[in-house]
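K.L.:
Dropping a structure here in structure tokens format, bear with me for questions.
The values are calculated or read from the model by the stated rules, or taken from the named source; none is laboratory data. Owing to the predicted nature of the structure, the values given are computational and were not obtained by experimental measurement. Neighbour counts are summed over all protein chains in view; Cβ atoms, including those assigned to glycine, are modelled from backbone coordinates with ideal geometry. In case anyone asks, the SASA skips ligands and DNA or RNA and just uses the protein heavy atoms, side chains included. Shrake-Rupley method; radii C 1.70, N 1.55, O 1.52, S 1.80 Å.
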Amino acid sequence: MSESYDLRDVGRFTVGAIGEPGHRVFYFQVFADGVEVAVKCEKQQAQALAEHLVKLLDDLPHDAGTPVAPAEALPPTELIWPVGSISLGVDREALRLLVMFEEMLDPDEEDDPLTVDPAQVRLRISAEQVQAYVAQVESLVATSRPICRLCDAPIDPSGHACPRLN
């Protein structure tokens with residue numbers, strides 16, 4: 001069973017990618033309580049999380065007009081497990097958003113997935129950390145492969161055989 005983390009004093013929360021566009025591995029990265037935790041994710045998970053966090057920011061007082069620099073990721077020391085589900089919440093008292101990543105369990109493993117609890121990373125982040133995370137997601141997406149305007153599939157550097165032109 002993988003290790004779980006409950007990180008209350010988050011210094012940095014971000015997303016990063018390793019590799020070239022089209023072959024990148026994305027990861028969420030948290031620095032808190034003297035540890036680094038990095039979990040593998042999909043680009044779509046990172047984008048969806050950014051969209052939902054921005055919506056939840058309406059429940060917290062924050063300065064929306066000030067531009068925030070992207071929270072750049074560092075090369076992770078280890079990706080401990082892949083993310084399956086993501087849960088969100090609001091702690092109005094502490095002025096923090098709650099994020100919980102849950103491990104994706106492999107159904108082919110020997111252990112019965114119904115009897116094994118997936119590992120979790122729970123963290124609490126400020127409005128400023130959300131804004132820096134969102135800026136980082138936008139920065140990563142901007143370096144993605146261009147999208148075909150006809151079929152919405154990514155275009156590789158070697159070209160693209162669009163099925164709509166067949």
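K.L.:
Identify, please: which residue in the stretch 37-69 is among the acidic types (D, E) and in contact with a strand residue (DSSP E or B) (Cβ under 7 Å, 6 or more places away or on another chain) and is, among those, most open to solvent (accessible area, probe 1.4 Å)?
P.N.:
Applying the filter and picking the extreme gives E42.
K.L.:
Of the residues in the stretch 153-166, how many are within 15 Å of G22 (Cβ to Cβ) and either of a type outside the set (A, V, I, L, M) or in contact (Cβ under 8 Å) with a residue 40 or more places away in the chain (or both)?
P.N.:
So the count comes out to 6.
K.L.:
Let me ask something additional. Quick check: is even one residue across the stretch 72-93 part of a strand (DSSP E or B), without any contact (Cβ under 8 Å) to a residue 24 or more places away in the chain and open to solvent by 80 Å² or more (accessible area, probe 1.4 Å)?
P.N.:
No: the stretch 72-93 contains no residue that is part of a strand (DSSP E or B), without any contact (Cβ under 8 Å) to a residue 24 or more places away in the chain and open to solvent by 80 Å² or more (accessible area, probe 1.4 Å).
K.L.:
Checking the structure you have, find out if any residue of the stretch 24-31 is among the aromatic types (F, W, Y) and open to solvent by 40 Å² or more (accessible area, probe 1.4 Å).
P.N.:
Yes, the conditions are met somewhere in the stretch 24-31.
K.L.:
If you don't mind, another one. Quick check, is R149 more than 17 Å from the chain's Cα centre (by Cα), open to solvent by 90 Å² or more (accessible area, probe 1.4 Å) and charged (D, E, K, R)?
P.N.:
Criteria met by R149.
K.L.:
Against the definition (farther than 26 Å from R145 by Cα and modelled with pLDDT under 95), how does L98 come out, yes or no?
P.N.:
So L98 does not fit the description; no.
K.L.:
Looking at the structure I just gave you, is E20 open to solvent by 80 Å² or more (accessible area, probe 1.4 Å) and closer than 28 Å to P154 by Cβ?
P.N.:
Considered against the rule, which asks whether it is open to solvent by 80 Å² or more (accessible area, probe 1.4 Å) and closer than 28 Å to P154 by Cβ, E20 comes out as yes.
K.L.:
May I pose another question? Which residue is farthest from the chain's Cα centre (by Cα), if the candidates are limited to the stretch 35-67 and must be in a strand (DSSP E or B) and β-branched (V, I, T)?
P.N.:
Within the stretch 35-67, the match that is farthest from the chain's Cα centre (by Cα) is V35.
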